[in-house]
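Below is one structure; the comments refer to it alone.
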Amino acid sequence: MVSAMRSDQTRRTWPVAPVYATIGLAVALLAVTVIGLGVALRVGPWAEEPLPVFWPVPSFSLTDQLGRPFGSSDLSGRAALLSFVYTNCPDTCPLLTANMAQVQNKLRAQGLLGSQVQLVSITVDPRRDTPSVLAEYAGRYQADPDAWRFLSGEPEAIYQVLWGFKLNTVEVARAFEGADVVPHSSRFAVVDPSGQVRAQPAGEETSADEIVSMLKRVLS
């Protein structure tokens, strides 16, 4: 009897209250972590805020590499990526156009090329870069003739386009008309479906993946 009573008296039970308190603290910490992660994803370094709105695309009407008319109104309803190059350029332009070709391939793989994103390359040397010259140049980069237009036109029309995109002045463009080396910007122009310029990334320094990401951001 005595031994049985001692066994009952020395029996231990789990501390119920402290266990519940520990579980409650763990749940609270988990909730705080989840909320904090959600805030970080919205406002932290992972967040992608909308690209700024710069200015509207200038009005233009030019001719593509197949002799077809193409103007600013043809961009309506789609995002667009524009570059400004010339076929005799010895350094920067081949890099820009090769990068554009990579963008073309990535957009095609994602089902965005042509249907949702238009690619455009405008010559800064319109007297020499006729449609036939641009067609040969486009062929080197396997450019889709509908989804990637190479545009030329009257010099003054081209100069006004460059000025409208804030990439050159009309005076500088006129002064270097016909020169062996034509000064021009190496920046792309990212345009949203409403016709607003939203970014001007450095064409030879920005990866094709980054450019595609910008285009998808202006589509969303």
Label model pair residue 163, residue 144: point-to-point distance (7 angstrom along the Cα→beta-carbon line) in nm is 3.5
With θ set to phi - 60° and the Karplus curve 6.51 cos²θ - 1.76 cosθ + 1.60, what are the ³J(HN,Hα) couplings of region 55-64 in order, to the nearest whole Hz, using x for Gly and Pro?
7, x, 4, x, 6, 8, 9, 10, 10, 8
Accessible area of region 73-152 with a 1.4 Å probe: how many percent of it is carbon plus sulfur?
47
Show me 74-85, 105-116 ranked by packing, highest mean number of other Cβ atoms within 10 Å first.
74-85, 105-116
Measure of exposure for residue 49: accessible area at 1.4 Å probe, Å² rounded to 10, is 130
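Would you mind computing the Rg to Rh ratio of region 85-213 from its alpha-carbon coordinates, Kirkwood style for Rh?
Values: Rg = 14.2 Å, Rh = 15.1 Å.
Dividing the radius of gyration by the Kirkwood radius yields 0.94.
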Please give the charge dipole size of region 75-166, origin at the Cα centre, charges +1 on K and R Cβ atoms and -1 on D and E Cβ atoms. Round to the nearest 20 debye.
280
If the chain between residue 109 and residue 55 were fully stretched, how many nm would it gain, using 0.36 nm times the residue separation less the Cα-Cα distance?
16.4 nm
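Tell me the per residue accessible area of region 64-176 using a 1.4 Å probe; a whole number in Å² is fine. Can you show the working numbers first?
Values: 4700 Å² over 113 residues.
It amounts to 42 Å² per residue over region 64-176.
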Place +1 on the Cβ of every Lys and Arg and -1 on the Cβ of every Asp and Glu in region 168-220, take the dipole about the Cα centre, and give the residue among 219, 200, 176 whose Cα lies farthest towards its positive end.
219
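The values are calculated or read from the model by the stated rules, or taken from the named source; none is laboratory data. The structure presented is a predicted model; accordingly, all values stated were derived computationally and were not measured. Don't worry about glycine lacking a Cβ; one is built from the backbone with ideal geometry, like all the others, and counts go over all protein chains shown. Remember, those area values only see protein heavy atoms, side chains included, never the ligands or the DNA or RNA. Shrake-Rupley method; radii C 1.70, N 1.55, O 1.52, S 1.80 Å.
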